[in-house]
Amino acid sequence: MQLNSPRPISFLHLTNSRIILYGREIPGGLRRIGLVGPANEGRKRELKTAMTKVDPVSMLSDSVRVPFENARAMPPIVYTSEEFLDRETRDIFAKEWICVGRSSSLADPGDYLTYELAGQPILVVRGRDGRLNAMSNVCLHRMSTILHGSGNVRLLSCPYHGWTYNLDGSLRGAPAMGNNRGFCKQSYKLPRIRCEEWLGWIMVTLDENASPVSQRLAEIESLVADFQMAEYLEAFNENFLWNTNWKVLAENFMESYHLPVCHAATIGGHSKMDEAVCPPGRPAFNFHTILKDGSLPISVAHPKNVGLVGDRRRTTYLLSIYPSLLITLTPGYFWYLSLHPNGVGQVRILFGGGLAREFFGNPDSDRQVSELKELLIDVNEEDRKCTERVYKGLCADLARPGHISHLERPNFLFAQYLAEKVGGFERQFD
């Protein structure tokens, strides 16, 4: 056995005189390398430390170079490594377009929301001109955060010293600053953050050079054009914090393999898994489709919907827009999750949902919204339990990634996306 092998070692167990790597015992064990006995406890600890120091980026890249037919789940360390999370924050969340909600949630001038993106507090507010303004949520005086939560304001007012800003970020007032000769009110304006509305979604990025969302996701627009996603009306949204890694939850959304088991009490029986289709991935997203059987009426097209024909009237798209916008789009309703890591073991979740426009304006619409929200809360609770169990399991010393199903192809595509963004792996597309 070569102790200086460059291959990363994800699992090493030393007990008595035995050495076990990847679940296999090394012949001769510690006796073979002269480390048997109490006098060698220190050297054994050093050996274990040296051999278990791994490079999670290299491990991920190695794991996604195999053909999909031989693919396994991502290595556990990809989820548990602080080093890997730092790379994700720097190379993904600080550079990609991130969804912070539906634009209909900021319908009126002064409507705002706040968000922390890659450690940066930001706010998005509807201006008096009707446009969305995204900007730093940090006062330019003593650097307090300005707004919190969501709501409606006439001005942006710092709660520390009362500096106020207009809805475009320009400084409006600064009490007791007249004696500072260097102070010039006109030179103060909150730094702008790039913000775009896309098919009803509010997208923001810290990267000034990122390509426009409409260009990046043009293929999705054509893929679901007949669904008219921009016209769906959001009926509710909430925020959650779950005790799992953000990638575990993202992967859970990307595959329907778990539906019959994890969601047996809710939506598991409404989908025809033998008709699920998992196409090859795209640079900015992956997706799969499933057919609904009509047992849940709001999951199929409303009789007034004449734009969807044939199987399209019962087709559900599960869109996974990298890195963390996850949309279930049915002909009758939609729901979504937008994820952001909160350390390796927690994920911040923006959750919302609503109905296609045709379902509103009738005597049953309030009941249908209430039933949809109740259903999705139950679905979320099932997912929370499943994904928190997965995270607990992959943190175990004995955790090893198994082969994945053809129904988990989106997970493999997601892993390749991550490997490209943090480690230089080059994806190939037809």
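Here, each number is a calculation from the coordinates, and none is a lab measurement. What you see is a predicted model; the values in this text were computed from it and never measured. Cβ: placed from backbone, ideal geometry, glycine included. Neighbour counts: every protein chain shown.
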Check: Out of these labelled values of log10 I(q)/I(0) by the Debye sum over Cα atoms at q = 0.07, 0.08, 0.11 Å⁻¹, [x] -0.37, -0.49, -0.90; [y] -0.43, -0.54, -0.91; [z] -0.67, -0.77, -1.03, which was calculated from the coordinates shown here?
Finding: [y]
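Taking neighbour counts of Cβ atoms within 10 Å as a proxy for exposure, in what order, fewest first, do Val224, Val100 appear?
Final ranking by Cβ density, sparse to dense: Val224, Val100.
Which entries in the list Lys292/Lys385; Lys292/Lys392; Lys292/Lys373 go over 22 Å, if you measure between the two C-alpha atoms of each?
Lys292/Lys385; Lys292/Lys392
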Check: If the cut-off is 12 Å between C-alpha atoms, which aspartates and glutamates fall inside it for Lys421, apart from same-chain ones fewer than 8 positions away?
Finding: Glu88, Asp91, Glu96
Next item on the list: Would you mind ranking Met143, Met254, Met203 so that the residue whose beta carbon has the fewest other beta carbons within 10 Å leads the list?
Entry: Met143, Met254, Met203
